[in-house]
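Notes to accompany the following structure.
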Amino acid sequence: MALLMMLPTEVTNTANAEHYGWGDGCDAWYLVKNDRLHIIQESMPPGTSETRHLHQRAQQFFYVLRGEATLDVNGQVLLLRENEGAWVPAGTPHRIQNLSKGELQFLVTSEPPSHGDREEATC
């Protein structure tokens, strides 16, 4: 059986992607949004952070486009610079922070989508 694939009808970027804000001045754009995969470009001003949380079903991959991210993965602190990334397995407590003095831009890929699959981490 052949797999039917939908071809893109336009180029996707932050100017035409669905946008939402979160946290203290952070922004996000859905570059891919379907029931199996989310690819989101995000921007975090200096000194911002998300809360420590986990996803029971979704695995995620964080990839830095510009700036420097501090990614806490189950208590292990990773410093991600431009063109570096890290995988977060499902069920793993994590949070991303921008502890630098410049803007952070990164991609987060979630499979399956992580929205609706988020629990605050207690540790």
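The values are calculated or read from the model by the stated rules, or taken from the named source; none is laboratory data. Fair warning: this is a prediction, and the values are worked out from it, not measured in the lab. Positions of Cβ are generated from backbone atoms using ideal geometry, with glycine treated the same way; all protein chains shown enter the neighbour counts. To get the accessible areas, we keep the full protein, side chains included, count just its heavy atoms, and leave off ligands, DNA and RNA. Shrake-Rupley method; radii C 1.70, N 1.55, O 1.52, S 1.80 Å.
Here are the numbers for this structure:
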item	result
Semi-axis lengths (Å, descending) of the ellipsoid that matches the C-alpha gyration tensor of segment 52-119	20, 12, 10
Spatial separation of Cα centroids for segment 59-108 and segment 28-51, in angstrom	12 Å
Residue (of VAL73, TYR20, TYR30) at the positive-pole extreme of the chain, dipole from beta-carbon charges	VAL73
Inter-probe distance in nm under a simple model that places probes 7 Å from Cα toward Cβ, at ASN34 and GLN59	1.9 nm
Net charge of Cβ neighbours under 14 Å - reference ALA58; Lys, Arg +1; Asp, Glu -1	0
Under the Karplus curve 6.51 cos²θ - 1.76 cosθ + 1.60, θ = phi - 60°, whole-Hz ³J(HN,Hα) for segment 32-39, x wherever Gly or Pro sits	9, 9, 9, 6, 10, 8, 10, 10
For the chain, built as a Gaussian network whose Cα springs stay under 10 Å, the top-fluctuating residue of SER49, SER110, SER100	SER100
Average Cα contact separation per residue, the chain, under 8 Å, 6 or more apart, as relative contact order %	30 percent
Accessible area of segment 25-123 belonging to carbon and sulfur atoms, whole % at 1.4 Å probe	50 percent
Neighbourhood charge, 12 Å Cβ-Cβ cut-off, centred on THR14 and excluding it, Lys, Arg +1 and Asp, Glu -1	-3
Inverse mean reciprocal Cα-Cα distance (Kirkwood Rh) of segment 1-90, Å	15.1 Å
Sum of side-chain charges, PRO93 neighbourhood, beta-carbon under 10 Å (Lys, Arg +1; Asp, Glu -1)	-1
Spin-label proximity, ASP24 to segment 71-98 - amide N less than 15 Å from point 7 Å beyond Cα toward beta carbon	96-98
